Amino acid sequence: MTLALFTTSHTPLMGRSEPATGVTARVEAAFDRARAFVRDYDPELVVLFGPDHYNGFFYDMMPPFCIGAAAESVGDYGMPKGPLPVDADAARSLAREVLAAGVDIAISERMQVDHGFTQPLELLLGAIDTVPVVPVFINCVAEPLSPVARIRLLGEAIGRGAAALDKRVLLMGSGGLSHDPPVPQFAGAPPAVAERLIAGRNPTAEERAVREARVVDAVGAFAAGMSDLRPLNPEWDTALLDVLASGDLERIDAWPNDWFVEQAGHSSHEVRTWIAAYAALGAAGRYEVETSFYEAIPEWIAGFGLTTARSLT
């Protein structure tokens, strides 16, 4: 079966921080084009590559990659809370394909996911439970991170497995592009913060609200030019989009992890989800990008991108 692709930035600041005039309308128009693309493709399964922001995965056991055979949204930032309609058989089949390819991956029968997974599902499909899904977690924030070449190999293995499912599979990547939000780093963290990064599951509603308000305040300072967070890098973002569209993904293998941070901020590593999705699409043969949108949106602390693509074979 042919494969299709949708990648998007995500941001919990949508609806909480108002960008410049016209920005929201342009983003919504890009989503409208993507929705039309997906309606035309009519996916039977979504394979969703997403990150986590210390809401579901912690340092008590931090895998580089994990496939969920069952998953539930934690409901952060007002996102829908509850189970995702995971296709467990497809999840286990893809896990076997990845392991057979020599890429180690964890499997979860009780995965917790946050807005990195739920926001794109809700924005594109209208809800988190409309199409069966296989969630694929990629660690993008908790150092040490795997070499980026492993992301490509992971994506290729999942793409081969997805093409063999005899279903219309939509590959979805969620995250990035350039951005450096105030996500805590374990190295040098105060003891209370370090403990939360190790074992911070299931905070109270009050604790979650305090943390989320802190992020909103930090982004407000960033948009006002009163922050030491790394600036957005539109040149880096558009260059990455060009590489992904070219299909020559092996070029990415030589990019060192520190270079991502230096050029585009700590959370630019979320583009690993895009790399995996495009590598999965490329595993089925040549592909073509049908729509591509980009805009730097400081009020959302995001180099905000959105693409759709389709296999040509």
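The values are calculated or read from the model by the stated rules, or taken from the named source; none is laboratory data. Nothing here was measured: the structure is a model prediction, and the numbers come from that model. Using ideal geometry, Cβ is built from the backbone for each residue, glycine included, and neighbour counts are taken over all protein chains shown.
Within region 24-36, which residues are surrounded by fewer than 12 Cβ atoms within 10 Å (Cβ to Cβ) and either within 30 Å of Ala164 (Cβ to Cβ) or touching a strand residue (DSSP E or B) at 6+ places or on another chain (Cβ under 9 Å) (or both)?
Ala29
If I ask for residues that are surrounded by 22 or more Cβ atoms within 10 Å (Cβ to Cβ), farther than 22 Å from Leu48 by Cβ and at pLDDT 95 or above, which ones from region 224-276 would you list?
Residues satisfying the conditions do not exist here.
Looking at (1) out of contact with any strand residue (DSSP E or B) (no Cβ under 9 Å at 6 or more places or on another chain); (2) at pLDDT below 95; (3) farther than 17 Å from Ser178 by Cα; (4) crowded, with 19+ Cβ neighbours inside 10 Å, which is the one condition that is false for Trp300?
(3)
Looking at Leu312, Leu306, which one is of a type in the set (A, V, I, L, M), surrounded by 21 or more Cβ atoms within 10 Å (Cβ to Cβ), closer than 20 Å to Val169 by Cα and out of contact with any Leu (no Cβ under 7 Å at 6 or more places or on another chain)?
Leu306
Among the residues of region 37-49, is any in contact with a Gly (Cβ under 6 Å, 6 or more places away or on another chain) and crowded, with 18+ Cβ neighbours inside 10 Å? Talk me through it step by step, then tell me what you get.
Filtering region 37-49 for residues in contact with a Gly (Cβ under 6 Å, 6 or more places away or on another chain) gives 49.
Restricting the remaining residues to those that are crowded, with 18+ Cβ neighbours inside 10 Å gives 49.
Yes, the conditions are met somewhere in region 37-49.
From the set of residues in region 174-183 that are part of a loop (DSSP other than H, G, I, E, B) and touching a residue at least 60 places away in the same chain (Cβ under 8 Å), which is surrounded by the fewest Cβ atoms within 10 Å (Cβ to Cβ)?
Residue satisfying both the conditions and the ranking: Val183.
Mind checking which pairs have a first residue in region 147-171 that is part of a helix (DSSP H, G or I) and a second that is surrounded by fewer than 22 Cβ atoms within 10 Å (Cβ to Cβ) and of a type in the set (Phe, Trp, Tyr), Cβ under 7 Å, 6 or more apart or different chains?
Between residues of region 147-171 that are part of a helix (DSSP H, G or I) and residues that are surrounded by fewer than 22 Cβ atoms within 10 Å (Cβ to Cβ) and of a type in the set (Phe, Trp, Tyr), the close pairs are Val148/Trp255.
List every residue pair whose Cβ atoms sit under 7 Å apart, with the two residues 6 or more apart in sequence or on different chains, where the first one lies in region 264-288 and is more than 13 Å from Ile151 (Cβ to Cβ) and without any contact (Cβ under 8 Å) to a residue 60 or more places away in the chain and the second, anywhere, is crowded, with 24+ Cβ neighbours inside 10 Å and not β-branched (Val, Ile, Thr).
That search, which allows pairs on different chains as well, returns Glu288/Ala309.
Results for (1) in contact with a strand residue (DSSP E or B) (Cβ under 8 Å, 6 or more places away or on another chain); (2) touching a residue at least 60 places away in the same chain (Cβ under 8 Å), shown as yes or no for each residue.
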| site | (1), (2) |
| --- | --- |
| Tyr77 | no, yes |
| Ala88 | no, no |
| Arg92 | yes, no |
| Phe117 | yes, yes |
| Ile128 | yes, no |
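Could you go through region 277-286 and let me know if any residue there is in a strand (DSSP E or B), modelled with pLDDT of 95 or more, hydroxyl-bearing (Ser, Thr, Tyr) and more than 13 Å from Gly176 (Cα to Cα).
Going through region 277-286, the residues in a strand (DSSP E or B) turn out to be none.
Scanning region 277-286 turns up no residue that is in a strand (DSSP E or B), modelled with pLDDT of 95 or more, hydroxyl-bearing (Ser, Thr, Tyr) and more than 13 Å from Gly176 (Cα to Cα).
Tell me, please, whether a residue that is within 20 Å of the chain's Cα centre (by Cα) and of a type outside the set (A, V, I, L, M, F, W, C) can be found in region 211-224.
Within region 211-224, one or more residues are within 20 Å of the chain's Cα centre (by Cα) and of a type outside the set (A, V, I, L, M, F, W, C).
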